[in-house]
Amino acid sequence: MQSRRAVAKPALAMLEPQMPKPGGSGGVPPSSRDSSGICRSSSISSGSGVAGGKILSLSSMSDSVHSGLSCFLSEQALEQEERQQRSHHLAEFQRLKEVRAAAQLKNLEDFLRMNHVSLRDSMSYSTGMIYRNLGKSGLRVSCLGLGTWATFGGQITNEVAEELMTLAYENGINLFDTAEVYTAGKAEVLLGNILKKKGWRRSSLVITTKIFWGGKAEMERGLSRKHIIEGLRASLERLQLDYIDVIFANRRDPNTPIEETVRAMTHVINNGMAMYWGTSRWTSMEIMEAYSVARQFNQIPPICEQAEYHMFQREKVEIQLPELYHKIGIGAMTWSPLASGIISGKYNNGIPPCSRASLKGYQWLKDKILSEEGHRQQVKLKDLQAVAGRLGCTLPQLAIAWCLRNEGVNSVLLGTSTTDQLMENIRAIQVLPKLSLSLASEMDGILGNKPYSKKDFRS
């Protein structure tokens with residue numbers, strides 16, 4: 001044991017640092033230490049002493065600061081250059097897109113001219129209506145559609161309903177939406193009677209209806225194969241039509257497997273009862289499941305989701321549906337652009353006696369308006385009213401144009417009770433070009449509710 005310790009001790013001594021003896025030749029001269037005990041080289045000490053060492057240390061720190069600042073500024077310059085390049089690329093892409101669209105339009109005009117047809121005779125040219133594809137399908141729908149909820153067969157007379165449909169059709173609206181549950185089927189009956197009376201070409205119309213609640217009996221509701229087929233047949237009889245352009249599954253049925261619903265929708269399409277099918281009030285996960293089932297079993301997937309969208313309801317349409325569009329081609333048909341009349345400005349001073357919120361069965365809307373959140377919304381609407389005034393439009397027109405500005409929105413469904421309201425809403429198309437990026441950013445600042453996806457927070 002003693003021999004091992006004797007061997008280990010010299011070895012450890014070799015590893016230990018050799019501490020200089022005070023005043024010895026192997027140590028550091030006292031003059032090379034400053035007041036803090038930090039060693040300085042002999043050349044520095046012989047030159048200007050301790051003060052010179054401190055000056056050189058400060059100079060080195062200054063050089064490091066300047067070097068770090070230069071590096072930071074260069075990184076900022078690189079980021080600025082990258083932003084400029086991205087902006088340039090986007091501008092160039094937009095320019096090429098416009099050039100391509102102009103070339104396609106010219107080719108179409110040349111083709112039509114050869115066949116003695118003019119684009120000036122088209123509905124889009126004569127009315128200024130904008131048409132968009134519904135999802136990634138080839139179905140072209142007007143960017144504004146006419147809905148029948150709470151109005152047809154309910155709040156308005158049959159004569160007013162006919163006037164509304166006529167005004168809509170003459171101004172380029174080709175999309176008319178209804179449901180089997182609207183006023184217990186009366187909305188479909190009235191819509192069908194007007195279509196038959198007008199004699200409009202069926203090929204010029206896009207008629208959509210929704211299936212879920214068709215009656216009080218147990219099998220008169222839901223999304224089972226039985227109710228989808230029987231419910232659609234009943235809707236077609238009320239509408240006096242041979243087929244529906246788009247049949248919507250109006251909310252998810254927890255009692256029916258999605259596979260059964262998908263197969264039933266495929267059946268009615270294959271049998272000529274409908275052209276396409278879509279979902280309404282489904283979650284992104286449920287839509288994705290329906291699409292996966294359709295692809296797995298070689299069935300027909302949905303093309304569109306009907307969703308509520310307005311200035312106070314943004315998350316689903318601005319975040320969730322765009323992702324579904326890019327992944328599986330799901331489009332967006334939105335409803336309630338004025339939040340059931342809240343954004344119209346008519347509730348600024350309470351509940352008017354003839355408004356929707358004063359009607360029986362709309363207590364939920366009245367409570368919503370009179371709540372604390374409702375009061376905060378009215379304050380924001382006053383600021384938005386000032387924005388509308390600068391643009392020379394009304395608040396409802398600004399709200400509808402704001403919805404249309406979203407590229408993911410294929411069509412916005414309007415619900416009006418007078419022809420004046422409908423005409424005012426249609427003129428929102430003229431406001432759309434005025435909504436610049438800066439103006440949209442200003443409106444987001446007023447609303448304070450812009451949703452952000454997880455991608456926006458990635459570094």
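Here, each number is a calculation from the coordinates, and none is a lab measurement. Only a predicted model underlies this, so the values are computations on that prediction, with no experimental measurement involved. We place every Cβ from the backbone using ideal geometry, glycine too, and count neighbours over all the protein chains shown.
Which Rg and Dmax, in Å, describe the Cα atoms of the range 301-344?
Every Cα atom of the range 301-344 included, Rg and Dmax give 11.4, 36 Å.
Tell me, what HN-Hα J-couplings in whole Hz come from the Karplus equation 6.51 cos²θ - 1.76 cosθ + 1.60 at θ = phi - 60° for each residue of the range 275-284, using x for Gly and Pro?
The phi angles translate into 8, 9, 9, x, 10, 9, 6, 8, 7, 4 Hz.
In the range 297-414, how does Rg compare with the Kirkwood Rh, expressed as the Rg/Rh ratio over alpha carbon atoms?
Rg divided by Rh gives 1.05.
Taking a ≥ b ≥ c as the square roots of the eigenvalues of the Cα gyration tensor of the range 267-337, is the shape rounded (a/c under 1.5), prolate (a/b larger than b/c) or oblate?
Oblate, because a/c is 1.5 or more while a/b does not exceed b/c.
Treating each Cα of the range 356-445 as an identical point scatterer and ignoring solvent, apply the Debye formula and state log10 I(q)/I(0) at q = 0.10, 0.14, 0.17, 0.19 Å⁻¹.
-0.31, -0.61, -0.88, -1.04
Which chymotrypsin sites (Phe, Trp or Tyr not before Pro) in the range 178-271 pass both tests, a DSSP loop state and at most 15 other beta-carbon atoms within 10 Å?
TRP200
Rounded to the nearest 5, what % of DSSP beta bridges with both residues in the range 144-274 are antiparallel?
Given both bridge residues lie in the range 144-274, the antiparallel proportion sits at roughly 10 percent.
Going down the table (LYS316/LYS368; LYS106/LYS198; LYS197/LYS346), which pairs top 24 Å between alpha carbons?
LYS106/LYS198; LYS197/LYS346
Given H placed on each backbone N at 1.01 Å, which residues far from ILE244 in sequence or on other chains put an amide H within less than 5 Å of it?
ALA274, MET275
At 0.36 nm per residue, minus the direct Cα-Cα distance, what do TRP364 and SER122 gain on full extension? Give it in nm, one decimal, please.
Value of the extension gain: 82.8 nm.
How large are Rg and Dmax for the range 130-197 when only the alpha carbon atoms are used, in Å?
12.6, 37
Could you tell me how far the Cα centroid of the range 110-128 sits from the Cα centroid of the range 262-291, in Å?
Each part's Cα centre sits 35 Å from the other's.
Skipping prolines and chain starts, which residues have an amide H placed within reach, meaning under 5 Å, of the one on ARG221, given they are 5 or more residues away or on another chain?
Distant-sequence amide H within range of ARG221: GLY214.
Could you sort 393-401, 277-285 so that the peptide with the highest average Cβ count within 10 Å comes first and the rest follow in order?
The peptides rank, most packed first, as 393-401, 277-285.
Find the percent of Cα-Cα distances in the range 209-345 that exceed 22 Å, and round it to a whole number.
Of all Cα-Cα distances in the range 209-345, 39 percent exceed 22 Å.
The range 86-229: percent of C-alpha pairs farther apart than 21 Å?
Details: 6138 of 10296 pairs.
Above the 21 Å cut-off, the range 86-229 has 60 percent of its Cα pairs.
Once phi is turned into θ = phi - 60°, what whole-Hz ³J(HN,Hα) does the Karplus curve with 6.51, -1.76 and 1.60 give for every residue of the range 223-240, x standing for Gly and Pro?
Once θ is set to phi - 60°, the couplings for the range 223-240 become 10, 6, 4, 4, 6, 4, 6, 5, x, 5, 4, 5, 5, 5, 5, 5, 7, 6 Hz.
If the viscosity is 1.306 mPa s and the temperature 10 °C, what translational diffusion coefficient in µm²/s does Stokes-Einstein give for the range 111-157 when Rh comes from Kirkwood over Cα pairs?
It comes out at roughly 117 µm²/s.
To the nearest 20 debye, what is the magnitude of the charge dipole of the range 222-271 about its Cα centre, counting +1 on the Cβ of each Lys and Arg and -1 on the Cβ of each Asp and Glu?
140 debye
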